[in-house]
Amino acid sequence: MAVITGGNSGIGLGIAEEFKKEGALGAIVGRNSKTLESASALLGSNFIGIQTDVTKTGDLENIFKETENKFGKLDILVVNAGGAIGSGTLGSVVDTTEEDYTSMVDLNLKSVFFTVQKALPYLNDGSSIILVASIAVQKAFGGLTVYSAAKAGVRSFARTFSRDLLDRNIRVNVLSPGTIETPLFGKLGLPDEASIQAKEQFQNLIPIKRLGQKKDMGRVAVFLASEDSSFILGEEIVADGGVVNL
């Protein structure tokens, strides 16, 4: 049984779709009721949708109580909720306010810690936890100062959580995506032509000359959730078409 936070769109939905193909049951979690409803309909009866804001720590345990009541204990937790677009993300050390900083850290780092902590009583021993970070862990991008630091913290969590949970044989690993073709491009507020040009510019920066697809991330997540990766823990898989390494 799997829970995917931020599973109502983009990478999270792509992961849920690939899990469904493998026969998984579980829940997707999101803030937006409209996208949560449409994603749940797409996934069918094997998955339920749970509306939760992961930055509200007090609400997190309800996710796991509800899924346990429906399906039993968890085998897989994908902590995907986060954001590179929003208040406080696009700013350098020069112009980021304290409010911006807090907003980004709450969403991209604090929520990860407490999602995992609240899930622990509901996880089976031997489970797999997959944290979703970003290639911003590996490479500096202008305007992503706080976001990058938060995602670097997520990468560190994979190591320390794995050490903390060795006695339960719970593995924690990180998936760090590059530029993925998701509804995020629509949130930039660009006209259609400008959005197409932006995609082409991103694509030209990727050695294999294509944007990543949701399915690409989903297949990596399936691997990290499976017994095929049972000897891998505290590790990061960078899935970016070669941006960081080539």
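The values are calculated or read from the model by the stated rules, or taken from the named source; none is laboratory data. Small disclaimer: the values here were computed from a predicted structure and weren't measured. Neighbour counts run over all protein chains shown; Cβ positions are idealised from the backbone, glycine included.
Things worth noting here:
- The stretch 156-171 residues that are assigned by TED's automatic domain parsing to the domain that holds residue 76 and among the charged types (D, E, K, R), paired with ones that are in a helix (DSSP H, G or I) and surrounded by 12 or more Cβ atoms within 10 Å (Cβ to Cβ) (beta carbon under 9 Å, 6 or more apart): 168/120; 171/162; 171/224; 171/229
- Here residue 19 meets the list (1) closer than 17 Å to residue 225 by Cα; (2) in contact with a Ser or Thr (Cβ under 8 Å, 6 or more places away or on another chain) almost entirely, failing just condition (2).
- Selected residue (only one of 35, 55, 67 is among the hydroxyl-bearing types (Ser, Thr, Tyr), under 17 Å from the mean Cα position of the chain (by Cα) and in a helix (DSSP H, G or I)): 35
- Qualifying residue in the stretch 199-217 (condition: out of contact with any helix residue (DSSP H, G or I) (no Cβ under 9 Å at 6 or more places or on another chain), among the β-branched types (Val, Ile, Thr) and either touching a residue at least 40 places away in the same chain (Cβ under 8 Å) or farther than 19 Å from residue 173 by Cβ (or both)): yes
- Within the stretch 135-148, tally of residues that are surrounded by 20 or more Cβ atoms within 10 Å (Cβ to Cβ) and on the phi > 0 side of the Ramachandran plot: 0
- Qualifying residue in the stretch 86-97 (condition: under 16 Å from the mean Cα position of the chain (by Cα) and either buried (at least 20 other Cβ atoms within 10 Å of the Cβ) or part of a helix (DSSP H, G or I) (or both)): no
- Members of the stretch 170-190 that are modelled with pLDDT under 60 and closer than 13 Å to residue 202 by Cα: 185
- Selection count, the stretch 1-32, where residues are hydroxyl-bearing (Ser, Thr, Tyr) and part of a strand (DSSP E or B): 1
- Scope the stretch 191-206; condition modelled with pLDDT of 85 or more and in a helix (DSSP H, G or I); matching residues: 203, 204
- Considering (1) modelled with pLDDT under 95; (2) touching a Ser or Thr at 6+ places or on another chain (Cβ under 6 Å), the lone condition that residue 114 does not fulfil carries the number (1).
- Just so you know, in the stretch 48-76 the residues that are closer than 22 Å to residue 182 by Cβ and in contact (Cβ under 8 Å) with a residue 60 or more places away in the chain include one that is surrounded by the fewest Cβ atoms within 10 Å (Cβ to Cβ), and it is 76.
- Taken over the stretch 3-30, the residue count meeting the criterion of being in contact with a Lys or Arg (Cβ under 7 Å, 6 or more places away or on another chain) and buried (at least 24 other Cβ atoms within 10 Å of the Cβ) is 3.
- Among the residues of the stretch 102-124, some residue qualifies, meaning at least one is surrounded by fewer than 17 Cβ atoms within 10 Å (Cβ to Cβ) and among the hydroxyl-bearing types (Ser, Thr, Tyr).
- Just one of the listed residues (45, 40, 33) is buried (at least 19 other Cβ atoms within 10 Å of the Cβ), assigned by TED's automatic domain parsing to the domain that holds residue 222 and hydroxyl-bearing (Ser, Thr, Tyr), namely 40.
- Of residues in the stretch 207-246 being in contact with a strand residue (DSSP E or B) (Cβ under 8 Å, 6 or more places away or on another chain), hydrophobic (A, V, I, L, M, F, W, C) and in a loop (DSSP other than H, G, I, E, B), the one nearest to residue 7 (Cα to Cα): 211
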